[in-house]
1. So with the 1.4 Å probe, I'd like the accessible area per residue for the protein assembly as shown, rounded to whole Å².
2. Straight-line reach from residue A:243: which aspartates and glutamates have a Cα under 13 Å away, not including same-chain ones fewer than 8 places off?
3. Calculate how steeply helix A:401-414 sits against the longest principal axis of the alpha-carbon atoms of chain A, using the helix alpha-carbon long axis, and give the answer as 0 to 90 degrees to the nearest 10.
4. Given a 1.4 angstrom probe, I'd like the percentage of the accessible area of the protein assembly as shown that is carbon and sulfur, rounded to a whole number.
5. Shape verdict for region A:244-399, please, from the Cα gyration tensor: rounded (a/c under 1.5), prolate (a/b greater than b/c) or oblate.
6. Taking 8 Å as the Cα distance limit and 6 or more residues as the minimum spacing, I'd like the relative contact order of region B:3-122 as a percentage.
7. In whole angstrom, how long is each semi-axis of the equivalent ellipsoid of the protein assembly as shown, when you take the square root of 5 times every eigenvalue of its Cα gyration tensor and sort them from largest down?
8. Rounded, prolate or oblate: which fits region B:3-122, taking a ≥ b ≥ c as square roots of the Cα gyration tensor eigenvalues, rounded meaning a/c under 1.5, else prolate when a/b beats b/c?
Amino acid sequence: MSDHTHAAERHANPRGAVARRQAALLRLSTAIAAAQDEEAIYRSVVNGLQDEALGYNFLGVFLLDPETGDRVLQASVGWPDVPPDWRVHRGEGLSEQALMDGKLHYTPDVTRESKYLPSLSTGSELDVPLRVDGQTIGVLVVESAEPDAFGEEDFEILTAAANQAAIAVGRARLLVAERLRADEHKALLDTMADLSAELELPRVLQAVLRRAVSLLGVTGGEVAIFEEESQELLVVASQDIGKESTGTRLKLGEGAMGTVARTHEPLIIPSYHEWLGRSGKYADVTVHSVMAAPLLIGRRLVGAIATVHSDPERVFGPEDLRLLNLFAPQAAIAIENARLYTAAQRQKQYFEEVLQNSPVAIVTLDRDYRIYSCNPAFERLFGYASAEAVGRNLDELITTEASRSEAEQYTRDALDRAVHGIGRRRRKDGTMVDVEVLGVPVIVDGERVGLMGLYHDITELLRARQEAEAANSAKSQFLASMSHELRTPLNAIIGYSEMLHEEVTDLGHAQLGDDLEKINTAGRHLLSLINNVLDLSKIEAGRMDLFLEEFDVDAMLDDVVTTARPLVDKNANRLEVRRNAQLGRMRADLTKVRQMLLNLLSNACKFTEKGNIILDVQRRADEEPFEGELIALSVSDTGIGMTEEQMDRLFEAFSQAEASTTSKYGGTGLGLAITRRFCEMMGGDVAVQSAPGEGTTFTVRLPAAVAPSPAGTAAE
Amino acid sequence: MPKILLVEDNEMNRDMLSRRLERKGFEVAMAFDGRQGVEMAKSDGYDLILMDMSLPEIDGWEATRQLRAEPKTQAVPIIALTAHAMAGDRERALEAGCDDYDTKPIELPRLLAKMESLLGKTE
């Protein structure tokens, strides 16, 4: 027993000393718990154990360096001349044994041990292992200058201290690992930010691969994209796998990437050349181990990535898999973005190509009517190069003073809605060009960003139209003059036969009168043919104008009835006129209304013998499709009537119900066609009701106030 | 016996109409063109003028306007005679100052009715 060391003293174990030791141990625990990192933990262990109440004066904490097997000094107290990072090599020193078996070792007299590395040179040494998660990571070395200085109590105290320190170290290491992971995550995010900035697909794929290789610390790798159409993987980037694999195609299930593409699960292949699933396309690669993962967006396959180690010492572990799993979805999104971007670029190129090759001049304007772009057809039409035109006000560029305001109106309107018109525009060389103009607003995401104008050169069209109009006008002129030329001799035939008829009647030669009347009738028939053909040709040519005037309906009816009287009497028919009390006045083309009525009455008389003809005229209101008041004029007869089929063709030119009727009843077959056209011109309609043997009713409906036709009412 | 001036350039029409009107008891004077018609109307007094519209020298519309501008002839009834071929003739005739119009070929009863109606008004 010696009393010149604290350790020896504790063996006396007085009551007050126990309490002090417990207090010291508590302080030690508190200090260890408060330590922020491993270094601080080790310092607080040695410092705390040096406490007066505990009396350990020579202490050190060593950690095992797994690479070399050395013990490296982390913290120490009491030892003279010890360097801060003192390394005790494998096979040296007493403390190695505790490290090897994880148990406490006591050496009562160090001078007897050959492995003892001199620090105090004499005395005793206690080595306590530091165990974290079942592994011995280091050793706590406690020495005394006295031999045989430690007992059971010291073993307990120091074991407890070592365990506390080990727990703290384990916690600290976890913290560090978490921090590392956080840092790694940040690095990954940075990588992704870089990837997202790349939009060109080939460059994205190269970047994805480069990042993956550096993030995982592997030899090389490759990236493939999945093609929907072929259902194959296409290798698009390859780096350091021992061959240039770009362009290789893999079916689903083929090789490492094909396998992960099918299973949607990552895969580690520790020894690639022994792997049964390898593809023949990779027979010559120099890789040792492979880790592959599918690139997925949700459940949709975008591609696959593979990383390789060519060093047989390096194998893929859970940590690599974890990193790849973090990386793969980001890479998939980057690839998909690039794909979408590429698709959008193609779309854009497509539309640009359309614009470039359009034969129609196309110009786009911003909201201030300045030219934003124009196509080659625009350049050709107006003689301005695109560079000259862009930024200029469109209407200042291609109009003259005369057409400026009209053009500007189009432009303004086109910002709101589609506009269409015909106009003249000025070329750069000052010549004018006739154009058809189309303008539409350009709306992007609901915002009106400008407008688009299309110009179509219609010089040729206009010339063709003018020629057609001239030809048409010549035709009308010809018809008019021809009918005039025909009419003059006809007038003589009709007039003289009528006059002669009057004279021979006065002279009492009645038998001559019949022949003269036949000449007269034939002449009148020919005249009506000429008149109808002329009317119809005018209608067809669009040259029949409306002359609207207000007239008294009753007076018009009286006039028509007077004129029709001889026709009614001819076949011994009776004409009954029914009309509303207040027919009043109407606004229409009087001549045409009269002509239509006479047509209908003439037809009724022609096809009815000894029957009744009713002219019924009413003023009515609000009948579809008319707005306001209308005049309905209907002519009914008790004549031969018509079948459905006959009625179908009734209003066509030169169609009588049957060819045979023409010879029996005469007529041109044009009357009803003209009647229908006249009705349409005045915004009215004509309808027929009939059955064979039951007579026929024609009804003409006209607005009480006919609106002027767009062609105007000007005289010819 | 009403005195009628017939202005008509076509010989056959003129011959026919004048003879038929004379048979009905009218005294008929004849002019061959618009200018002659205006001169005759100014120098002699007529109860009614039948005016063809398509006339040489000056046409029927112009002749009518001139007669309407002249105090002596402004109240003389004028009936325009127009060809059916010329749509709008009637409107233009009434506009120029004609009192009525009739189409050729002449239907004598219809023309007589119009003439009698106008002659009745002036008497």
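The values are calculated or read from the model by the stated rules, or taken from the named source; none is laboratory data. Since this is a predicted model, take the numbers as computed values, not measurements. Heads up, the Cβs are rebuilt from the backbone with ideal geometry, glycines too, and the neighbour counts pull from every protein chain shown. Note: areas computed on protein heavy atoms with side chains; ligands, DNA, RNA excluded. Shrake-Rupley method; radii C 1.70, N 1.55, O 1.52, S 1.80 Å.
1. I get 50 Å² per residue for the protein assembly as shown.
2. A:222, A:284
3. Value to nearest ten degrees: 60.
4. 52
5. Details: a/c = 4.38, a/b = 3.42, b/c = 1.28.
Verdict is prolate for region A:244-399.
6. RCO, region B:3-122: 22 percent.
7. Values for the protein assembly as shown, descending: 126, 29, 27 Å.
8. rounded
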